[in-house]
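The values are calculated or read from the model by the stated rules, or taken from the named source; none is laboratory data. The shown structure was predicted, so the numbers you read here are calculated from the model rather than taken from an experiment. Here the Cβ is made from the backbone with ideal geometry for all residues, glycine too, and neighbour counts use every protein chain on show. For the accessible areas, the whole protein counts, side chains as well, though only heavy atoms, and no ligand, DNA or RNA atoms are used. Shrake-Rupley method; radii C 1.70, N 1.55, O 1.52, S 1.80 Å.
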Amino acid sequence: MVDLAPVICVDGPSGSGKGTLAQAIASRLGWHILDSGSLYRIVGLQAHLLGISVDDDDALEQVVKSFEIRFATERSPILFVNGSDVTEAIRGEEATRFASLVAKREKVRAALLVRQKEFRKLPGLVADGRDMGTVVFPDAKLKIYLDASPEERARRRYVELKDKGPNVSLPDLFQSLKERDVRDKTRSFSPLKVAPDAYVLDSTGLSIDEVLEKALVAAQGKGLLITN
Ligand code: C5P
């Protein structure tokens, strides 16, 4: 039997710091990375730009099957879709809202499942999202469920966005984050939930270095090689 590349999953709600932690683990181990939320954001953005209704499953499935995705380099998060740089565009509020709407559709999730598995390559993959450990990579060597209080998550997003534009309001961000939490946790297909074998890490009040340290200890506990 062919040995599959090992996977570390980082799942959790919006703004818990999954992306930052996943990047840090991947660069420490020299592994590949999958930011699965960016795939949902690409589909949401394309649906929005092409005027596709978020319940037109066949058209959305075509979007998932047709886009070409390319990262500028493994280390750089610059993301090209069909030749255009969408790095900034997929982070906007519209793409964010549409992403969580298309993420509810079973056909979208099924088509993206195939594309996500393609990221699994040696020497290993760090995958972050909502259902990495529960659905996409159930055999992952380590599953981290990264959480933080809604207040802290909204505050982090506020700090991230406030330099980019004047129209950022903390109460609005808090409200839309709570709505996304409800959508992510209550949808019928692949809802956000803690995998039974997950290590639950609450990052409220912790620095990224402290969170990384805890994650690396957990990785070591699973026998994953850590090089300093
Ligand atoms: O993680 P990020 O905020 O970029 O994800 C954007 C949206 O994509 C989320 O609101 C969530 O609804 C959806 N998503 C998902 N499953 C994943 C990753 C993201 O449903 N594995």
(Q) I want to check the label-to-label distance for SER84 and LYS107. Put each point 7 Å from Cα in the C-beta direction and report it in nm to one decimal. (A) 2.3 nm
**Q.** Segment ALA5-LYS141, extension gain: residue separation times 0.36 nm, minus the distance between their alpha carbons
**A.** 48.0 nm
Q. Once label points are set 7 Å from the Cα along Cα→Cβ at both LYS178 and ASP57, what is their separation, rounded to one decimal in nm?
A. 3.2 nm
Q) Taking all protein chains as present, what is the carbon and sulfur share of the accessible area of the chain, in % to the nearest whole number, probe 1.4 Å? A) 54 percent
Q: For the range 69-143 and the range 159-228, write down the distance between their C-alpha centroids in whole Å.
A: 15 Å
Q) Ranked from highest to lowest mean number of other Cβ atoms within 10 Å per residue, what is the order of the peptides 207-217, 145-155, 165-175? A) 145-155, 207-217, 165-175
(Q) Using the Cα centre of the chain as the reference point, and only Cβ charges (+1 on K/R, -1 on D/E), how large is the resulting charge dipole? Debye, rounded to the nearest 20. (A) 200 debye
Q) How large is the helix-only mean residue ellipticity at 222 nm for the chain, computed as the sum of -39500 (n - 2.57) over DSSP H runs with n ≥ 4, divided by its residue count, in deg cm²/dmol to the nearest 500? A) -14500 deg cm²/dmol
Q: Go ahead and run the numbers for FRET between LYS222 and LYS164, Cβ-Cβ distance against an R0 of 22 Å, rounding to 0.05.
A: 0.05
Q: Over the chain, give the accessible area per residue in Å² for a 1.4 Å probe, as an integer.
A: 51 Å²
Q) Restricting to the range 7-220, what percent of DSSP beta bridges are antiparallel, rounded to 5? A) 25 percent
Q: For SER188 and SER27, compute 0.36 nm times the residue count separating them, minus their Cα-Cα distance, and round to one decimal in nm.
A: 54.5 nm
Q | Other-chain or far-sequence residues with amide H under 5 Å of THR87's (modelled H) | A | LEU79
Q) Which peptide among 121-129, 108-116 comes first, and what is the full order, when sorted by highest mean count of other Cβ atoms within 10 Å? A) 121-129, 108-116
Q. How big is Rg to Rh over the chain, alpha-carbon atoms, Rh as the Kirkwood inverse-mean-distance radius?
A. 0.94
